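Comments concern the structure below.
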Amino acid sequence: MRSVRFATVALATAALTLPLVAGTAAAGPSSSPSSGRHPAPHSHAKFDRLREAAPEGFYVGTAVAGGGHHLEQDYPDPFTSDKEYRKVLGRQFDSVSPENQMKWEFIHPERDRYNFAAADAIVDFAERHRQVVRGHTLLWHSQNPQWLEQGDFSDEELRAILREHITTVVGRYAGRIQQWDVANEIFDDQGKLRTQDNIWIRELGPGIVADAFRWAHEADPKAKLFFNDYGVESVNAKSDAYYALTRDLRRQGVPVDGFSVQAHLSTRYGFPADLETNLRRFDALGLETAVTELDVRIYLPADGEPTAAQQKQQADYYRRTLSACLAVEDCNSFTIWGFTDKYSWVPVFFEGEGSATVMTDDFHRKPAFYALRDTLKAAARKH
């Protein structure tokens, strides 16, 4: 995709110097530049789909809602119960990431029992809709089952548990998952390994991270294996730590294929303007890069509705994040963390903030949606 990448750099730079046009900032639909047609707010016609707008070989994905905070909400599991949600999911995206359904507490709830039903359903859905899958996640400090965190295991037992889990889960989906978040959030904001709250690093030492990548590769040699974290969009202590670690691991022959930024952003803070620069330095190491969990939360007014100015700023953040990825040669996977506010995690975890996705509760598309669509179309025309 080199021809797309270098053409898109100039395109993205130019776009950032211009204000968003009124049609994009408005809450209503935008016309399609390539066809002149004006889609309805709920339209998912082929010319108005993100997956169709993207350049060849560039995947546009979303998290598949379920598990996690959803279990505490007053609605049934979104993926299995909401027909309109599944329809949009299948039409708009060509990559999907289980939001929670492949995390330890859901897929391995007891030591001797796995629960693959929810993950299987997502992978089956993806294959029916010609979508790739990002697996999430194999080694993490959070959302582990009580039997694991509170168990009295020897180092040998704990190591065997992790290896068996990775071998079982990755092996089950061998050939069916494009990318795996093997190690998730292993550094704190100061760039220090989580030696206290990460059970694997605390009990088994830092070398267990390399072993996790080796075991995942053995279980599925074709899957691309990633580090994944939040707060690493810029060049900072945390991303520096990942840069040093991935460089060292690759020199040792550890099968690390990629580095991904989650990109949970907020309009209350400035945009990480050095995102592209940061992605490029990992690309120079020979790594693939990805944006894996993008959302842009807004601190909402008293009436709970974002202003036009807030929507415009949010759309700009979405556009700039996508443009940064498109500008880097091997950043080929771009995922938003849910596409409708109806099932977003943001209001549950960030008091007073919300409206973080590209569609409203009733699937009306926001300016952020059009910012992504138009940026993808512009990149595709340059291909």
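The values are calculated or read from the model by the stated rules, or taken from the named source; none is laboratory data. Because the structure is a prediction, the values reported are computed rather than measured. Note: ideal-geometry Cβ built from the backbone for every residue, glycine included; neighbour counts use all protein chains shown. With ligands, DNA and RNA removed, areas are computed over all heavy atoms of the protein, side chains included. Shrake-Rupley method; radii C 1.70, N 1.55, O 1.52, S 1.80 Å.
When you restrict to C-alpha pairs under 8 Å that are six or more residues apart and normalise by the size of the stretch 39-140, the relative contact order lands at 28 percent. Compared with the alpha-carbon gap, the fully stretched path from Ala160 to Glu305 is longer by 47.2 nm at 0.36 nm per residue.
Between the helical axis of 83-92 and the longest alpha-carbon principal axis of the chain there is an angle of about 80 degrees. Taking the chain as a Gaussian network, Cα atoms linked when under 10 Å apart, which of His69, His217, His165 shows the biggest mean-square fluctuation? Checking each option, the largest mean-square fluctuation is seen for His69. Prolate is the label for the stretch 262-325. Its Cα gyration tensor axes, ordered a ≥ b ≥ c, give a/c of at least 1.5 and a/b above b/c. Note on the chain: with neighbouring protein chains present and a 1.4 Å probe, carbon and sulfur make up 49 percent of its accessible heavy-atom surface. Computed with the Debye formula from one identical point scatterer per Cα of the stretch 338-380, without solvent, the log10 of I(q)/I(0) at q = 0.27 Å⁻¹ comes to -0.86.
For the chain, the share of DSSP beta bridges that are antiparallel, to the nearest 5, is 10%.
Other residues within the sphere of radius under 14 Å centred on the Cβ of Trp180, judged by their own Cβ, net out at +2 (K and R +1, D and E -1).
Taking Cβ atoms as reference points and 10 Å as the exclusive limit, the residues near Arg130 contribute a net charge of 0, counting Lys and Arg as +1 and Asp and Glu as -1.
Normalising the average separation of contacting C-alpha pairs (under 8 angstrom, six or more residues apart) by the number of residues puts the relative contact order of the chain at 21 percent.
Put the Cα centre of the stretch 238-296 next to the Cα centre of the stretch 66-91 and the gap is 30 Å.
Rounded to the nearest 0.05, the FRET efficiency derived from the C-beta distance between Lys382 and Tyr269 at R0 = 35 Å is 0.70.
Taking GluC sites (Glu not before Pro) in DSSP loop states with no more than 13 other Cβ atoms inside 10 Å as exposed sites, the chain has its longest site-free stretch at 57-350. Highest mobility in the GNM of the chain, judged by mean-square fluctuation with C-alpha springs under 10 Å and restricted to Gln178, Gln101, Gln190, is found for Gln190. Note on Lys312: lysines with a C-alpha under 21 Å away, same-chain residues under 8 apart excluded, are Lys342, Lys366, Lys377. Straight Cα distances below 14 angstrom link Lys224 to the aspartates and glutamates Asp181, Asp257, Glu288, Asp330, with same-chain residues fewer than 8 positions distant left out. Over the residues of the chain, the helix contribution to mean residue ellipticity at 222 nm works out to -12000 deg cm²/dmol, using -39500 (n - 2.57) for each DSSP H run of at least 4. The Rg/Rh ratio for the stretch 270-383, using Cα coordinates for both the radius of gyration and the Kirkwood hydrodynamic radius, is 1.00.
To the nearest ten degrees, helix 308-326 and the longest principal axis of the Cα atoms of the chain are 60 degrees apart. Compared with the rule-of-thumb size 2.2 N^0.38 Å for a compact globular protein, the chain has a Cα radius of gyration ratio of 0.96. On the principal axes of its alpha-carbon atoms, the stretch 77-145 has extents of 37, 21, 18 Å, going from largest to smallest. In the stretch 173-307, the DSSP beta bridges split such that about 5 percent are antiparallel, to the nearest 5. From the alpha carbon centroid of the stretch 155-174 to that of the stretch 320-383 is 34 Å.
Compute the signed sum of charges (Lys and Arg +1, Asp and Glu -1) over the other residues within less than 13 Å, Cβ to Cβ, of Ala244. Summing Lys/Arg as +1 and Asp/Glu as -1 gives +4.
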